[in-house]
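The values are calculated or read from the model by the stated rules, or taken from the named source; none is laboratory data. Everything numeric here is computed off the predicted structure, so don't read it as measured data. Glycine gets a Cβ as well: all are built from the backbone with ideal geometry, and neighbour counts include every protein chain shown.
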Amino acid sequence: MRLPSWLSQHLAALRALLVLTVVTGLAYPLLLTAVGRIPGLSDKAGGSLVANGSLIIGQSFTDADGNPVPRYFQSRPSAAGDGYDPTATSASNLGPNSIVDTLAANEEDASQSLLTQVCARSLAVGTLEGVDGRRPYCTTDGVGAVLAVFHRDGLTGPVTRVVSVNQTGTPFVATYEGVTVESAKIGDDYQAFGGIMTPIRGDAPATPAVPADAVTAGASGLDPDISPAYAALQVPRIARERGLSQDAVRTLVSDNTTDRALGFLGEPAVNVLKLNLALDGQK
(Lines give C-alpha, C1' and ligand atoms only; values in the text may rest on other atoms or scores of the structure.)
Protein backbone atom coordinates (compact mmCIF):
# COMPACT_ATOMS: atom_id res chain seq x y z
CA MET A 1 0.00 0.00 0.00
CA ARG A 2 1.41 3.32 -1.07
CA LEU A 3 1.39 6.02 1.56
CA PRO A 4 0.12 9.49 0.81
CA SER A 5 2.89 11.80 -0.36
CA TRP A 6 2.47 14.16 2.61
CA LEU A 7 2.85 11.26 5.04
CA SER A 8 5.92 9.82 3.29
CA GLN A 9 7.55 13.27 3.34
CA HIS A 10 6.94 13.59 7.08
CA LEU A 11 8.34 10.12 7.71
CA ALA A 12 11.46 10.95 5.67
CA ALA A 13 11.93 14.16 7.67
CA LEU A 14 11.50 12.21 10.92
CA ARG A 15 14.11 9.64 9.86
CA ALA A 16 16.54 12.45 8.95
CA LEU A 17 15.90 14.09 12.33
CA LEU A 18 16.61 10.85 14.18
CA VAL A 19 19.78 10.11 12.21
CA LEU A 20 21.17 13.64 12.62
CA THR A 21 20.29 13.62 16.33
CA VAL A 22 22.24 10.39 16.84
CA VAL A 23 25.21 11.52 14.72
CA THR A 24 25.56 15.17 15.77
CA GLY A 25 23.88 15.06 19.18
CA LEU A 26 25.36 11.83 20.54
CA ALA A 27 28.10 10.25 18.44
CA TYR A 28 30.04 13.43 17.63
CA PRO A 29 30.10 14.84 21.21
CA LEU A 30 31.05 11.42 22.59
CA LEU A 31 33.84 11.13 20.02
CA LEU A 32 35.26 14.53 20.93
CA THR A 33 34.99 13.70 24.63
CA ALA A 34 36.90 10.48 24.01
CA VAL A 35 39.60 12.34 22.05
CA GLY A 36 39.88 14.81 24.94
CA ARG A 37 40.68 11.89 27.26
CA ILE A 38 43.71 10.81 25.23
CA PRO A 39 46.90 11.09 27.34
CA GLY A 40 48.62 14.37 26.49
CA LEU A 41 45.34 16.03 25.52
CA SER A 42 43.24 15.51 28.65
CA ASP A 43 44.94 18.32 30.56
CA LYS A 44 44.38 20.85 27.75
CA ALA A 45 40.78 19.71 27.23
CA GLY A 46 40.12 20.28 30.93
CA GLY A 47 41.32 23.89 30.80
CA SER A 48 44.94 23.26 31.87
CA LEU A 49 43.91 23.68 35.51
CA VAL A 50 46.33 23.49 38.40
CA ALA A 51 45.80 24.13 42.10
CA ASN A 52 46.45 27.88 41.74
CA GLY A 53 44.60 28.61 38.51
CA SER A 54 44.87 27.84 34.81
CA LEU A 55 48.10 27.67 32.84
CA ILE A 56 46.39 29.26 29.83
CA ILE A 57 44.80 32.24 31.62
CA GLY A 58 47.05 34.86 33.15
CA GLN A 59 46.66 36.22 36.65
CA SER A 60 48.04 39.00 38.81
CA PHE A 61 50.54 38.39 41.60
CA THR A 62 49.67 41.38 43.74
CA ASP A 63 48.57 42.09 47.30
CA ALA A 64 45.17 43.34 48.46
CA ASP A 65 46.11 46.91 47.50
CA GLY A 66 47.17 45.91 43.99
CA ASN A 67 50.90 46.22 44.66
CA PRO A 68 53.26 43.62 43.15
CA VAL A 69 54.32 40.88 45.55
CA PRO A 70 58.14 41.05 45.35
CA ARG A 71 58.59 37.27 45.82
CA TYR A 72 56.82 36.48 42.56
CA PHE A 73 57.40 37.07 38.87
CA GLN A 74 54.94 39.63 37.58
CA SER A 75 52.65 39.11 34.59
CA ARG A 76 52.11 41.55 31.75
CA PRO A 77 49.33 44.14 32.18
CA SER A 78 45.73 43.18 31.44
CA ALA A 79 42.82 45.28 30.16
CA ALA A 80 40.23 42.53 30.74
CA GLY A 81 37.86 43.86 33.40
CA ASP A 82 39.81 44.45 36.60
CA GLY A 83 42.56 42.28 35.15
CA TYR A 84 42.57 38.77 33.65
CA ASP A 85 38.77 38.48 33.83
CA PRO A 86 37.71 35.70 31.39
CA THR A 87 34.17 37.12 31.29
CA ALA A 88 35.46 40.50 30.11
CA THR A 89 38.26 39.52 27.77
CA SER A 90 39.23 42.53 25.67
CA ALA A 91 41.96 44.93 24.72
CA SER A 92 42.07 48.61 25.61
CA ASN A 93 41.18 49.60 22.01
CA LEU A 94 43.77 52.38 22.25
CA GLY A 95 46.19 52.83 19.38
CA PRO A 96 49.39 54.72 18.51
CA ASN A 97 47.51 58.00 18.13
CA SER A 98 46.27 57.87 21.74
CA ILE A 99 48.66 60.40 23.28
CA VAL A 100 46.38 62.93 25.02
CA ASP A 101 44.81 62.18 28.41
CA THR A 102 41.25 63.10 29.31
CA LEU A 103 41.56 65.33 32.38
CA ALA A 104 38.60 65.71 34.74
CA ALA A 105 37.99 66.86 38.30
CA ASN A 106 36.09 63.62 38.91
CA GLU A 107 38.53 60.71 38.75
CA GLU A 108 35.87 58.42 37.24
CA ASP A 109 35.51 60.75 34.25
CA ALA A 110 39.26 60.99 33.64
CA SER A 111 41.13 58.54 31.43
CA GLN A 112 44.73 57.97 30.46
CA SER A 113 45.98 57.80 26.91
CA LEU A 114 47.89 54.74 25.80
CA LEU A 115 51.08 56.79 25.91
CA THR A 116 50.57 57.76 29.55
CA GLN A 117 49.64 54.19 30.49
CA VAL A 118 52.90 52.97 28.96
CA CYS A 119 54.89 55.74 30.67
CA ALA A 120 53.35 55.04 34.10
CA ARG A 121 53.85 51.30 33.82
CA SER A 122 57.45 51.67 32.69
CA LEU A 123 58.22 53.99 35.59
CA ALA A 124 56.61 51.57 38.07
CA VAL A 125 58.44 48.53 36.68
CA GLY A 126 61.73 50.43 36.68
CA THR A 127 61.24 51.35 40.34
CA LEU A 128 60.34 47.76 41.27
CA GLU A 129 63.29 46.24 39.44
CA GLY A 130 65.83 48.96 40.24
CA VAL A 131 66.47 49.92 36.61
CA ASP A 132 65.98 53.01 34.47
CA GLY A 133 62.25 53.09 33.71
CA ARG A 134 62.41 56.09 31.38
CA ARG A 135 61.03 55.81 27.86
CA PRO A 136 61.02 58.20 24.90
CA TYR A 137 58.09 60.65 24.91
CA CYS A 138 57.50 60.17 28.65
CA THR A 139 57.94 62.71 31.44
CA THR A 140 59.96 61.94 34.55
CA ASP A 141 56.73 61.56 36.54
CA GLY A 142 55.27 58.97 34.16
CA VAL A 143 52.86 60.75 31.81
CA GLY A 144 52.95 61.33 28.08
CA ALA A 145 55.30 64.19 27.21
CA VAL A 146 52.99 65.98 24.79
CA LEU A 147 52.68 69.70 24.03
CA ALA A 148 49.89 71.52 22.25
CA VAL A 149 51.78 73.98 20.08
CA PHE A 150 49.94 76.99 18.65
CA HIS A 151 51.33 78.87 15.65
CA ARG A 152 50.50 82.37 14.58
CA ASP A 153 49.23 81.23 11.18
CA GLY A 154 47.59 77.98 12.23
CA LEU A 155 50.01 75.29 11.07
CA THR A 156 52.90 77.61 10.32
CA GLY A 157 54.53 80.75 11.56
CA PRO A 158 56.07 81.60 14.91
CA VAL A 159 54.94 79.72 18.01
CA THR A 160 52.57 81.88 20.06
CA ARG A 161 51.40 79.51 22.81
CA VAL A 162 52.41 76.11 24.23
CA VAL A 163 50.48 73.90 26.68
CA SER A 164 51.57 70.66 28.39
CA VAL A 165 48.30 68.85 27.72
CA ASN A 166 48.72 65.92 30.11
CA GLN A 167 49.82 67.90 33.16
CA THR A 168 47.82 70.28 35.35
CA GLY A 169 50.83 70.84 37.60
CA THR A 170 54.28 72.11 36.70
CA PRO A 171 54.99 71.39 32.99
CA PHE A 172 57.77 68.93 32.23
CA VAL A 173 59.59 71.64 30.23
CA ALA A 174 59.66 75.34 31.07
CA THR A 175 59.86 76.70 27.53
CA TYR A 176 59.45 75.54 23.94
CA GLU A 177 61.03 77.56 21.12
CA GLY A 178 61.30 80.51 23.45
CA VAL A 179 57.67 80.40 24.60
CA THR A 180 56.76 79.65 28.23
CA VAL A 181 54.89 76.34 28.55
CA GLU A 182 51.53 76.45 30.34
CA SER A 183 49.95 73.65 32.35
CA ALA A 184 46.68 72.19 31.06
CA LYS A 185 43.30 73.27 32.38
CA ILE A 186 40.65 70.66 33.04
CA GLY A 187 37.94 70.67 30.40
CA ASP A 188 39.92 72.48 27.69
CA ASP A 189 40.34 70.69 24.35
CA TYR A 190 43.56 72.18 23.02
CA GLN A 191 43.41 70.23 19.78
CA ALA A 192 39.99 71.74 19.06
CA PHE A 193 41.46 75.15 19.86
CA GLY A 194 43.98 74.67 17.03
CA GLY A 195 46.97 73.29 18.91
CA ILE A 196 49.25 70.83 17.15
CA MET A 197 49.86 67.81 19.40
CA THR A 198 53.64 67.48 19.58
CA PRO A 199 55.26 64.57 21.48
CA ILE A 200 58.65 65.47 22.99
CA ARG A 201 61.18 62.67 22.93
CA GLY A 202 63.31 63.74 25.88
CA ASP A 203 66.65 62.19 26.85
CA ALA A 204 65.50 58.63 27.55
CA PRO A 205 67.66 55.84 26.10
CA ALA A 206 66.76 54.66 22.60
CA THR A 207 66.37 51.09 23.89
CA PRO A 208 64.38 51.15 27.15
CA ALA A 209 65.48 48.88 29.99
CA VAL A 210 61.86 47.80 30.53
CA PRO A 211 60.61 45.45 27.74
CA ALA A 212 57.50 46.27 25.73
CA ASP A 213 55.39 43.41 27.13
CA ALA A 214 55.89 44.80 30.66
CA VAL A 215 54.07 48.02 29.71
CA THR A 216 51.45 46.92 27.16
CA ALA A 217 48.37 44.75 27.67
CA GLY A 218 47.76 41.69 25.50
CA ALA A 219 44.94 41.69 22.94
CA SER A 220 42.83 39.23 24.93
CA GLY A 221 43.79 40.52 28.36
CA LEU A 222 44.35 36.90 29.42
CA ASP A 223 47.93 36.30 28.26
CA PRO A 224 49.60 33.85 30.70
CA ASP A 225 53.11 34.40 29.32
CA ILE A 226 55.81 37.04 29.38
CA SER A 227 58.87 37.43 27.21
CA PRO A 228 62.23 35.96 28.29
CA ALA A 229 63.52 39.55 28.40
CA TYR A 230 60.90 40.58 30.97
CA ALA A 231 61.58 37.43 32.99
CA ALA A 232 65.33 38.16 32.92
CA LEU A 233 64.69 41.68 34.19
CA GLN A 234 62.93 40.23 37.26
CA VAL A 235 65.55 37.61 38.10
CA PRO A 236 67.70 39.78 40.45
CA ARG A 237 64.66 40.81 42.52
CA ILE A 238 63.35 37.25 42.80
CA ALA A 239 66.78 35.92 43.79
CA ARG A 240 67.15 38.62 46.44
CA GLU A 241 63.67 38.17 47.89
CA ARG A 242 63.91 34.38 48.08
CA GLY A 243 67.55 34.03 49.06
CA LEU A 244 68.40 32.11 45.89
CA SER A 245 71.28 32.53 43.48
CA GLN A 246 70.49 34.30 40.24
CA ASP A 247 71.78 31.26 38.33
CA ALA A 248 69.24 29.06 40.10
CA VAL A 249 66.42 31.43 39.21
CA ARG A 250 67.61 31.66 35.60
CA THR A 251 67.52 27.86 35.42
CA LEU A 252 63.88 27.88 36.54
CA VAL A 253 63.10 30.53 33.92
CA SER A 254 64.73 28.41 31.23
CA ASP A 255 62.83 25.30 32.36
CA ASN A 256 59.52 27.16 32.00
CA THR A 257 60.26 28.80 28.65
CA THR A 258 58.63 27.47 25.49
CA ASP A 259 60.25 27.99 22.10
CA ARG A 260 58.56 29.18 18.91
CA ALA A 261 55.83 26.86 17.62
CA LEU A 262 57.26 24.60 14.92
CA GLY A 263 60.51 26.49 15.39
CA PHE A 264 59.43 29.64 13.55
CA LEU A 265 55.92 30.74 14.63
CA GLY A 266 55.58 33.36 17.34
CA GLU A 267 58.18 34.16 19.96
CA PRO A 268 59.64 32.29 22.95
CA ALA A 269 57.47 32.74 26.04
CA VAL A 270 57.67 32.15 29.79
CA ASN A 271 54.56 30.88 31.59
CA VAL A 272 54.33 33.03 34.73
CA LEU A 273 52.13 30.72 36.80
CA LYS A 274 54.27 27.65 36.11
CA LEU A 275 57.38 29.65 36.93
CA ASN A 276 56.00 30.94 40.23
CA LEU A 277 54.80 27.45 41.19
CA ALA A 278 58.31 26.16 40.49
CA LEU A 279 59.69 28.92 42.70
CA ASP A 280 57.37 27.94 45.54
CA GLY A 281 58.61 24.37 45.18
CA GLN A 282 62.21 25.39 45.85
CA LYS A 283 63.68 24.63 49.26
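Just a few scattered comments:
- Number of residues in region 67-76 that are surrounded by fewer than 22 Cβ atoms within 10 Å (Cβ to Cβ) and either among the charged types (D, E, K, R) or under 15 Å from Ala217 (Cβ atoms) (or both): the value is 1.
- Hits in region 112-134 - residues which are under 22 Å from Gly66 (Cβ atoms) and either at pLDDT below 95 or assigned to a loop (DSSP other than H, G, I, E, B) (or both): Gln112, Ser113, Gly130, Val131, Gly133
- Any hit, region 168-178, residues being in contact (Cβ under 8 Å) with a residue 40 or more places away in the chain and either closer than 26 Å to Asn93 by Cα or of a type outside the set (D, E, K, R) (or both): yes
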